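Below is the structure I would like to discuss, written out as structure tokens.
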Amino acid sequence: MRFYRTGGKMAKQAKVLNETELKRLLAVIAQRKHAARDRAAVMLSFYAGMRVGEIAALTMGDVLDGQGRVRDQIRLRAEITKGGNARVVFPGDKLQLELQRYVDGLAAARRMQVAPLLLTQKRTAFSANTLCQLFAALYQAAGIDGASSHSGRRWFITRLAHSAVSPKVIMTLAGHKSLATTQRYIEVNDELMRAAVELI
């Protein structure tokens, strides 16, 4: 884990996975009992940069339109976001395909608009805490140290930053109120620096 200074204290930052680690994580998930659900949760973290509490609170109606197709915009209600500000998540083609595959595999009764998108083994909605525990178990099973439920969000923000996306756009997609907060999420490592200088 990396550290950053906040309020005079040093705080830990979740590990940003590399491509090999992400593939290993997904391979481990594929062997699990609730593989489809776990993969959907991880993909929302990595490919939408959503916070764990936001993922846990999603309903089918948030994600699916009236025809049962994954929306191209997922509107996060103010009551489920950090800071209480509604925002829009734009799932790219890859995430839309992943989510469509997940919901198509569910029984019709599970696809009701008010039903939670993700259910625990006890068939109840996840809380932010129980979903954090699931992420921790997945990373542990994949042997990835230093990762947490925030790793996917940091991966998402880092990938956007290193793809030359405007900092203002990244800040808005992340639901941050300041660029300084967004910049703390961006991972810089030797591999990324080498790739950057090759662009010159």
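In this structure, is Gly53 in contact (Cβ under 8 Å) with a residue 40 or more places away in the chain, crowded, with 16+ Cβ neighbours inside 10 Å and assigned to a helix (DSSP H, G or I)?
So Gly53 fits the description; yes.
Residue check: is Leu119 among the aliphatic types (A, V, I, L, M), surrounded by fewer than 20 Cβ atoms within 10 Å (Cβ to Cβ), within 30 Å of Gln13 (Cα to Cα) and in contact (Cβ under 8 Å) with a residue 24 or more places away in the chain?
Here the answer is yes, as Leu119 does meet what is asked.
Another one. So which residues in the stretch 39-68 are basic (Lys, Arg) and modelled with pLDDT under 95?
Arg51
Out of (1) modelled with pLDDT under 90; (2) on the phi > 0 side of the Ramachandran plot, the odd one out for Ile80 is which?
Exception for Ile80: condition (2).
While we're on this one: For the stretch 168-186, give me the residue count where each residue is modelled with pLDDT of 70 or more, of a type in the set (Ser, Thr, Tyr) and surrounded by 13 or more Cβ atoms within 10 Å (Cβ to Cβ).
Qualifying residue count for the region: 1.
Would you check if Glu79 is surrounded by fewer than 21 Cβ atoms within 10 Å (Cβ to Cβ), part of a helix (DSSP H, G or I) and of a type in the set (Asp, Glu)?
Criteria met by Glu79.
Let me ask you something else. Looking at the stretch 19-46 only, could you name the residues that are over 13 Å from the mean Cα position of the chain (by Cα) and of a type in the set (Asp, Glu)?
Glu19, Glu21 - these are the residues of the stretch 19-46 that are over 13 Å from the mean Cα position of the chain (by Cα) and of a type in the set (Asp, Glu).
Residues in the stretch 99-111: is at least one touching a Leu at 6+ places or on another chain (Cβ under 7 Å) and among the hydrophobic types (A, V, I, L, M, F, W, C)?
yes
The values are calculated or read from the model by the stated rules, or taken from the named source; none is laboratory data. What you see is a predicted model, and the numbers here were worked out from it, not measured in a lab. Cβ: placed from backbone, ideal geometry, glycine included. Neighbour counts: every protein chain shown.
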